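Scroll down for the structure; my scribbles are underneath it.
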Amino acid sequence: MARYSYHCPMRWADQDPFQHVNNTVYLAYLEQARVDVFFRLAGERGLDSFERGVVIVRHEIDYLRPVVYRAEPLRIDLWCAELRGSTFAVRYEVFDGVGAEAPLAARARSRCATYDLAAGRPRRLTAGEREFLDQFTEPEAGAA
């Protein structure tokens, strides 16, 4: 299946005293990529249910190299894995630049849960949500 690519702008304030993008900022970068695909793109395709309730259950980030601020955005490739009844995993690769030669700076994973905000509890993925996620789903490495 296809991965989704998001070009994520950096801000001067994203740097820490060591002159590289602070580790905590990566969570905001990942969020921007998720919002772009699950809210903007899904909404453009007539699916607004993600906007009404998706929560993060867990994040994991492996930092592979420092990133230094510059005007060129980062490229974040994301895809889905492990679709279950009410949860799915989002996998990410964060590249230091947008071109094909840009080095890989980080790998990350988020466990997301569809959520009924009014009821205050998880809800099942709808058929429409599952169909949307299927476009960006790749099996986990080593999965049969």
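The values are calculated or read from the model by the stated rules, or taken from the named source; none is laboratory data. Everything quoted here is computed from the prediction, not taken from an experiment. Note: ideal-geometry Cβ built from the backbone for every residue, glycine included; neighbour counts use all protein chains shown. Side chains included, ligands, DNA and RNA excluded: accessible areas come from the protein's heavy atoms. Shrake-Rupley method; radii C 1.70, N 1.55, O 1.52, S 1.80 Å.
Residues in region 62-88 that are touching a Phe, Trp or Tyr at 6+ places or on another chain (Cβ under 8 Å), aromatic (Phe, Trp, Tyr) and without any contact (Cβ under 8 Å) to a residue 60 or more places away in the chain: how many?
Going through region 62-88 one residue at a time, the tally reaches 2.
Okay, residues lined up against (1) assigned to a strand (DSSP E or B); (2) β-branched (Val, Ile, Thr); (3) under 24 Å from Arg11 (Cα atoms):
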position: Phe39; (1), (2), (3): no, no, yes
position: Leu47; (1), (2), (3): no, no, no
position: Pro66; (1), (2), (3): no, no, yes
position: Ala89; (1), (2), (3): yes, no, no
position: Ala100; (1), (2), (3): no, no, yes
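Yes or no: Gly97 more than 15 Å from the chain's Cα centre (by Cα) and crowded, with 16+ Cβ neighbours inside 10 Å? Walk me through how you get there before you give the answer.
Numbers: more than 15 Å from the chain's Cα centre (by Cα): yes; crowded, with 16+ Cβ neighbours inside 10 Å: yes.
It is true that Gly97 is more than 15 Å from the chain's Cα centre (by Cα) and crowded, with 16+ Cβ neighbours inside 10 Å.
Looking at (1) open to solvent by less than 50 Å² (accessible area, probe 1.4 Å); (2) in a loop (DSSP other than H, G, I, E, B), which is the one condition that is false for Cys80?
Of everything listed in (1) open to solvent by less than 50 Å² (accessible area, probe 1.4 Å); (2) in a loop (DSSP other than H, G, I, E, B), Cys80 misses just condition (2).
Could you check region 44-77 and list, in sequence order, the residues that are open to solvent by 40 Å² or more (accessible area, probe 1.4 Å) and of a type in the set (Asp, Glu)?
Glu44, Asp48, Glu51, Glu60, Asp62, Glu72
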